[in-house]
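Structure, as structure tokens:
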Amino acid sequence: MGAVVLVFVILQVLLSLALVFLVLVHSGKGGGLSDMFGGGLGASAAGSTVMEKNLDRITVVVAVSYVFSTLILALLLDT
């Protein structure tokens, strides 16, 4: 059981570093509080390129993997 926990701890660290890196690579699109309530929706959707869409997809996959890794690690450490 110790080796499995070690693998998931290493995976957790790698996924967290990858997630931080991917979030920092995204270009800033925010314009303040108006964007939070939908004010800049048209401007941000119009300028997205294929590279940005792929970066979004990769970020979502890494984030979901991070969540599942966290849940599995919590279940392994609970026993």
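Multiplying the residue separation of His26 and Ile72 by 0.36 nm and subtracting their alpha-carbon distance yields 13.8 nm. Remark: the range 55-63, residue by residue, has Karplus-estimated 3J(HN,Hα) of 5, 4, 5, 5, 5, 5, 5, 5, 5 Hz, where x stands for each Gly or Pro and the curve is 6.51 cos²θ - 1.76 cosθ + 1.60 at θ = phi - 60°.
Any read-out appearing in this document is the output of simple, stated calculations on the displayed coordinates, not a laboratory observation. Note that the coordinates shown come from a computational prediction; the quantities given were computed from them, not determined experimentally.
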